[in-house]
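All of the numbers you see were taken from the coordinates with simple rules; none came from a lab. These numbers come from a predicted model, not from an experiment. Note that we place each Cβ from the backbone using ideal geometry, even for glycine, and neighbour counts take in every protein chain shown.
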Amino acid sequence: DSGVTQTPKHLITATGQRVTLRCSPRSGDLSVYWYQQSLDQGLQFLIQYYNGEERAKGNILERFSAQQFPDLHSELNLSSLELGDSALYFCASSDTRGEQYFGPGTRLTVT
Amino acid sequence: AQSVAQPEDQVNVAEGNPLTVKCTYSVSGNPYLFWYVQYPNRGLQFLLKYITGDNLVKGSYGFEAEFNKSQTSFHLKKPSALVSDSALYFCAVRDMRGRDDKIIFGKGTRLHILP
């Protein structure tokens, strides 16, 4: 158990809908990262937050957004969903040493 | 830009044999390298990291990795493979440029240990 929690574990929704994925980092970790893992694209870095502020952006679509709250939990919002958004979404948190600890992931299926 | 490459999509090894999963890196400055493992339907787990010091880094589950500066490689190794080592392995590099602090992952290598 990494100490990072993600909810929900599974999510099935229709095209055009909007969903919110939630992540709670390990106790004491200030950084939260979001990744998308699909069969054809591999593991793609989406976005990083550090202590409530956006720190780095990767291959995140404009339809996607994220935020980190004062209690350090983070949410990833995915809107106008398309079939191609079906993937595993991972959250990770890290301390100052840079090692990232991954949550179990949310499996999103868009039908 | 910082990057890592994993040249093999899949590696097959017989149980009990030594295994190697290859990784090469391209970085500006000193490399800060990682190996992660992903078991089916699970998140990634940290195996080991190299920052400075000994070129042979020991990690979890009996794995080790050899840092080779001249060959810009960071191959993952284990002397005797177990069937339970079958998983997806990711090499990664820490990218700390400006305010950025993120990890760039390779595309992954699927390791099959044959009983």
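Take the Cβ-Cβ distance between B:Asn55 and B:Glu15 as r, set R0 to 35 Å, and report the resulting FRET efficiency rounded to the nearest 0.05. All intermediate terms of the calculation are to be shown ahead of the outcome.
Values: r = 28 Å, r/R0 = 0.79.
About 0.80, to the nearest 0.05.
Along the three principal axes, how long is chain A when you take its alpha carbons, biggest first, rounded to the nearest angstrom?
Extents along the principal axes, in whole Å: 39, 27, 24.
What does a probe at A:Thr7 reach in region A:74-103, counting residues whose amide N is under 18 Å from the point 7 Å along Cα→Cβ?
Inside the label zone: A:74-78, A:89-92, A:103.
Quick one: work out the % antiparallel among DSSP beta bridges in the protein assembly as shown, nearest 5. List each step's numbers first, then the result.
Working: 72 of 81 bridges.
In the protein assembly as shown, DSSP labels about 90 percent of beta bridges as antiparallel.
What FRET efficiency would be calculated for the residue pair A:Glu75, B:Glu64, taking the C-beta separation as r and a Förster radius of 35 Å, to the nearest 0.05?
On the way: r = 38 Å, r/R0 = 1.09.
After rounding to 0.05, the efficiency reads 0.35.
Per-residue mean of other chain beta-carbon atoms within 10 angstrom of the beta-carbon, peptide A:95-101? Please report the intermediate quantities before stating the final value.
On the way: counts 0, 1, 4, 10, 7, 10, 4.
For peptide A:95-101, the averaged partner shielding equals 5.
Can you pull the percent of Cα pairs in chain B with separation above 20 Å?
Numbers: 2417 of 6555 pairs.
When all Cα pairs of chain B are counted, 37 percent exceed 20 Å.
For peptide A:45-55, what's the mean number of Cβ atoms from other chains within 10 Å of each residue's Cβ?
Working: counts 5, 0, 1, 5, 0, 2, 0, 0, 1, 1, 5.
Mean shielding by partner chains, rounded to a whole number: 2.
Counting pairs on different chains as well as pairs 8 or more places apart, how many Lys pairs in the protein assembly as shown have Cα atoms under 20 Å apart?
19
How large is the Rg to Rh ratio of region B:75-115 when both quantities use alpha carbon positions and Rh follows Kirkwood?
Rg/Rh for region B:75-115 comes to 1.17.
Report the label-to-label distance for A:Thr109 and B:Asp100 in nanometres (one decimal), using points 7 Å from each Cα along the Cα→Cβ vector.
3.6 nm
What share of all Cα pairs of the protein assembly as shown, in percent, falls into each consecutive 5 Å distance bin?
1, 7, 15, 18, 19, 16, 12, 7, 4, 1, 0
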